[in-house]
Amino acid sequence: MPDVKEIQAQDSTRKYGPKATLAQCLATIAQSFLFIGLGMNLSISAIVIRDLYRNPNSEFSITITEASWYGSLLFIIHPVGCLLSGILQDKFGKKRCMILANVPSIFGWVLLYSAHSSVLLCASTLLMGFSTGFGAGSTSSYVGEISEPRLRGSLGSLGSTAMRIGTLLMYILGLFFDWRTVALFSTFCPIMCICFVIFIPESPIWLIAKGRNDKAKKAMCWLRGWVEPEKINPEFLELVHYNQVSGTQGGKIDTDDNNKKFLSNLAQFKNPAVYRPLRLMLIIFFVSFVVSIFPTRPFITKIMKEVGLFDNQNESLVLLTGLTSIGCIIATVTVHRTGKRLLTLLTLSINTVLLLSFGAYIISVKAEYFSYSPLISLTFLCGIYFIGSCGISCIPWMILIEVFPNKSRGVATSASSGLAYIILFTLTKSYLIVEMYLSLEYTMILFGCVGVFGLIYFYFYFPETENKTLLEIEEFFVSTKNG
């Protein structure tokens, strides 16, 4: 086993140039087309429902029940893709899973383009949901394994940025084209993703775990700026040590003989290094969805009307989506300087105040202290969308790539992603019921109270992972004082 102190001494003097940053950015951008596709998959339902819901002038129309199922089935099937990905990526690797993830999406867009019934609409969104779920776990763990600690936070946030770009692109296309034409254009996204991912290397950590050290060295040379093997040798020794400490080396995992079986994968969640970060991930996903008002987004036009925004709703929707894209870019640029912990607490605090203030504003208007102002209402919505995307809504995807140990990373990241979408599905399906009982203003106040809970919990239990190695992060969660 390599000497730990020797590795750390070599690591302290290791410094890669701008070519290494470029190489890691190119690899991350290539797989980020999966997230662009996710954003497009999430938002196409709004355009389809807009054109087909009770529309006598369309080729066929859909009822409110059909629209509800079409808009939510993607969230139901997404965890199935995540689960399958978690099982297969440890065997076949991240790169192959990312390529395969695009195939159902292509068929989904083609099926949507040719759909002439609600059944085919639902079949298309099932294919898209499975595709994005299958790709979610492999993309998240891939970025965490290829990137240097100094870049991991920024590169991890590119997925959220790409998803917002996909959503923005979809809404812009929806301004000019009907849903069939938009579906046809969208087919090119997964095709481009396959073409780009083919040219990026496999995860070196996965290759070392499979005993393919020569290929791992070649992959590291590519990812560190197309350098000579001598340049990456200290980091390579560090990764070999990391695989040994994590219990993966030479193509075997130091667990039971039946480790490849499904029940053996489940048994890994008994490990504190797995269930503690999983608990953190589920809480931060829940809080981020709520304080960024994700559950309201399918019904955002309804909310706009209730707060006095009757005109230019399509343009306002593009504005809100554009702000989230800008916010994600800001998070990508600033996270290395601020750290994930400070960025989370800061943006969560601001959004909590905005939600409570928004609820108080609606209460004041309904009490007839003053009338609705479209400018004030739009400002509140823009602030919640923008500030959330600057931190709290991006942070879960940043830390997902780094908090789980090596031998469990594939199945754990996939499980986290799948459970996150179950949470999102539950929140979205229950939103209208909650609003019906509480009204819009008290629903916003309830969301603000969730933000207060998140602030308290994250202050005590959210570690700083920026500029930390994967081994240091794993050791934090194993520590008994963090239980």
* To do: Please list the non-local residues whose amide H lies under 5 Å from the amide H of LYS210, H modeled 1.01 Å from N, same-chain partners needing a gap of 5 or more.
  => GLY251
* Accessible carbon and sulfur surface of the chain relative to its total accessible area, %, 1.4 Å -> 67 percent
* Asked: Hey, with R₀ at 25 Å, roughly what FRET efficiency would ILE172 and PHE92 work out to, going by the Cβ-Cβ distance, to 0.05?
  -> 0.10
* May I ask for the angle, rounded to the nearest 10°, between helix 213-223 and the longest principal axis of the chain, with both axes built from Cα atoms and the value confined to 0 to 90°? => 50 degrees
* Could you work out the local net charge near ALA67, counting Lys and Arg as +1, Asp and Glu as -1, over the other residues with Cβ closer than 14 Å to its Cβ? => +2
* Asked: Want the number for HIS336 to GLU472: 0.36 nm per residue separation, take away the alpha-carbon distance, what's left?
  -> 47.2 nm
* To do: Subtracting the Cα-Cα distance from 0.36 nm times the residue separation, let me have the gained length for ARG279 to GLU228 in nm, one decimal.
  => 14.3 nm
* Structure fact -> Extend 7 Å from the Cα of ILE64 along its Cα-to-C-beta direction; within segment 423-438, residues with backbone N under 17 Å of that point are 429-437
* Cα centroids of segment 70-122 and segment 181-238: how far apart, whole angstrom? -> 23 Å
* Could you state the angle between the C-alpha long axis of helix 64-92 and the longest principal axis of the C-alpha atoms of the chain, as a value from 0 to 90 degrees rounded to the nearest 10? => 0 degrees
* Pair SER479, ILE76: separation of 7 Å Cα→Cβ label points (nm) -> 4.4 nm
* Structure fact -> Under 5 Å from the placed amide H of ILE62, counting only residues 5+ away or on other chains, we find TYR53, ARG54, ASN55
* CD proxy at 222 nm, helix term only [per DSSP H run n ≥ 4: -39500 (n - 2.57); per residue of the chain; nearest 500] -> -26500 deg cm²/dmol
* Structure fact -> Computed ³J(HN,Hα) along segment 439-452: with the Karplus parameters 6.51/-1.76/1.60, θ = phi - 60°, integer Hz and x for glycine or proline, the list is 6, 4, 5, 6, 5, 5, 5, 4, 4, x, 5, 4, x, 4
* By how many degrees, 0 to 90 and rounded to 10, does the Cα axis of helix 374-389 deviate from the longest principal axis of the chain? -> 10 degrees
* Asked: Is there a pair in LYS210/LYS340; LYS302/LYS429; LYS95/LYS340 whose C-alpha atoms are over 24 Å apart, and which pairs would that be?
  -> LYS210/LYS340; LYS95/LYS340
* For the chain, report the accessible area per residue in Å² (1.4 Å probe, heavy atoms, rounded to an integer). => 42 Å²
* Structure fact -> Sites removed, the longest contiguous part of the chain containing no DSSP-loop GluC sites (Glu not before Pro) with at most 15 other Cβ within 10 Å is 60-367
* **Longest segment of the chain lacking trypsin sites (Lys or Arg not before Pro) that sit in a DSSP loop with at most 13 other Cβ atoms within 10 Å** => 262-483
* Could I have the simple spin-label model distance between TYR369 and TYR457, label points 7 Å from Cα toward Cβ, reported in nm to one decimal? => 3.1 nm
* To do: Could you give the spread of the C-alpha atoms of segment 89-213 along their three principal axes, from largest to smallest, in whole angstroms?
  => 51, 28, 21
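The values are calculated or read from the model by the stated rules, or taken from the named source; none is laboratory data. Note that the structure is predicted; figures quoted are calculated from it, not measured. Methodologically, a virtual Cβ is constructed for each residue, glycine included, from the backbone with ideal geometry; neighbour enumeration extends over all protein chains shown. To get the accessible areas, we keep the full protein, side chains included, count just its heavy atoms, and leave off ligands, DNA and RNA. Shrake-Rupley method; radii C 1.70, N 1.55, O 1.52, S 1.80 Å.
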